[in-house]
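To keep things clear, I will list the structure first and then write my remarks on it.
Every number in this text was worked out from the coordinates using simple rules, so none of it is lab data. Note that this is a predicted model, so its numbers are computed, not measured. Cβ: placed from backbone, ideal geometry, glycine included. Neighbour counts: every protein chain shown.
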Amino acid sequence: MQSKARSKMLKEPPFLGGDFVGQSKGFEIIIASHYGMCFGVRDAITLAEKRAKSAKLTILGELVHNEVVREKMRSLGIREGDLFGTRASTREVLVTAHGASDQEKLRWEKMGYDLKDSTCPLVRKAHDSLASLVAGGYFPVVIGKKEHAEVRGLTGDFPDARVIEGMEDLKTLPIMPKYGVVSQTTQLIDRVRCLVSAMEEQFPESEVCFRDTVCQPTKNRQRALGELLGKCDLIVVVGGQNSNNSRELVKSARRAGVDSLLISQAGELSREKVCGRERIGVTAGTSTQKACVEKVVQAMEQLGGKCRRL
């Protein structure tokens with residue numbers, strides 16, 4: 001009886017999806033030197049869990065863009081609300097790691113809610129940088145995704161601010177004597193610098209003051225990905241489908257001509273996805289927990305992979 005139970009456990013490990021069977025030809029798994037959850041996300045999760053122990057809590061949006069983390073929050077009885085809504089089902093509300101404008105925070109407090117704040121310190125630094133530029137007479141420009149929670153928070157206190165997603169958006173900028181530029185913290189720094197250079201060329205008579213607000217964890221993960229690209233024929237990024245920095249890792253790999261896929265957990269892997277590969281690089285976005293990455297690596301090892309770290 002005991003050996004039968006063990007046999008079944010080996011065939012169907014708890015973290016694998018239903019189609020995850022059989023072994024592929026042996027391949028090497030290389031784990032990036034920097035990957036996964038950053039301190040800002042970690043601290044936001046810790047604060048949410050702590051507050052949920054003493055009071056009913058509503059998070060004003062997605063705490064982080066990772067479905068595994070969101071499901072854990074729901075399992076603790078934590079609710080999700082809308083930052084731009086007019087009511088929450090609990091008295092205590094929490095601003096996400098992506099931050100919010102001072103205007104929105106004040107609005108919730110005026111409505112009588114007990115506001116807690118889990119804004120990442122590096123996002124807060126971006127807010128401070130933009131406010132400082134505006135105070136210095138610069139026209140505010142934010143490089144990032146227009147509808148991303150962080151960008152909406154950055155621009156919320158500055159109605160004149162313009163958001164630049166790509167080169168086409170530069171054509172819509174009004175001619176101003178001085179531009180103050182910051183970026184969403186999870187943008188690709190090389191792309192940000194390229195857009196800033198394009199601004200300087202487009203407005204040669206204007207001053208373009210750029211404050212680098214791309215966070216160091218994002219830069220570290222991009223740099224670590226670069227170390228993998230010359231060694232691997234597939235990059236697996238573990239992260240949420242809505243995670244900007246996870247998607248940027250995928251895009252960077254594909255731009256370099258290396259196949260890449262984004263998965264949120266080990267159950268999304270299949271033998272077909274790794275079949276025929278020689279070296280698979282593994283990395284993760286800044287909202288991905290280490291345990292989730294470890295399960296993905298374990299799943300690959302069960303398909304015949306041998307793991308090493310850079």
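Magnitude of the charge dipole for region 122-214, about its Cα centre and with charges confined to Cβ atoms of Lys, Arg (+1) and Asp, Glu (-1), is about 240 debye. Spin-label model, K171 to R223: label points 7 Å out along the Cα-to-beta-carbon direction sit 3.7 nm apart.
Once both labels are positioned 7 Å from their Cα atoms along Cα-to-Cβ, the gap between A256 and Q202 label points is 2.9 nm.
Taking neighbour Cβ counts within 10 Å as the exposure measure, how do T218, T86 sort from fewest upward? Mind showing how you got there, number by number?
On the way: T218 24, T86 8.
Ordered by Cβ neighbours within 10 Å, fewest first: T86, T218.
Rounded to the nearest 0.05, the FRET efficiency derived from the C-beta distance between R191 and E28 at R0 = 30 Å is 0.50. Across region 256-310, the volume of the C-alpha convex hull divided among the residues equals 106 Å³ per residue.
Note down the relative contact order for the chain as a percent, whole number, built from C-alpha pairs under 8 angstrom at least six residues apart. Intermediate values should be presented prior to the final figure.
Numbers: 590 pairs, mean separation 85.1, N = 310.
27 percent.
Charge dipole of the chain (Cα centre as origin; +1 on each Lys and Arg Cβ, -1 on each Asp and Glu Cβ, all else neutral): 1360 debye, rounded to the nearest 20. Ranking Y35, G276, L94 by how far each Cα lies toward the positive end of the dipole of the chain (charges on Cβ) leaves G276 at the top. Cβ-to-Cβ counts within 10 Å put L173, L269, L188 in ascending order as L173, L188, L269, the fewest first. Every helix of 4 or more DSSP H residues in the chain counts as -39500 (n - 2.57), and over all residues that averages to -12500 deg cm²/dmol at 222 nm. On the principal axes of its alpha-carbon atoms, region 122-214 has extents of 31, 27, 19 Å, going from largest to smallest. How far, in degrees from 0 to 90, does helix 39-54 lean away from the longest principal axis of the Cα atoms of the chain, to the nearest 10? Long axis of 39-54 versus the principal axis of the chain: about 90 degrees. Among the listed pairs K116/K146; K273/K295; K125/K146; K145/K295; K219/K295, those whose Cα-Cα separation exceeds 28 Å are K145/K295. Across all directions, the average projected area of the convex hull around the alpha carbons of the chain is 18.7 nm².
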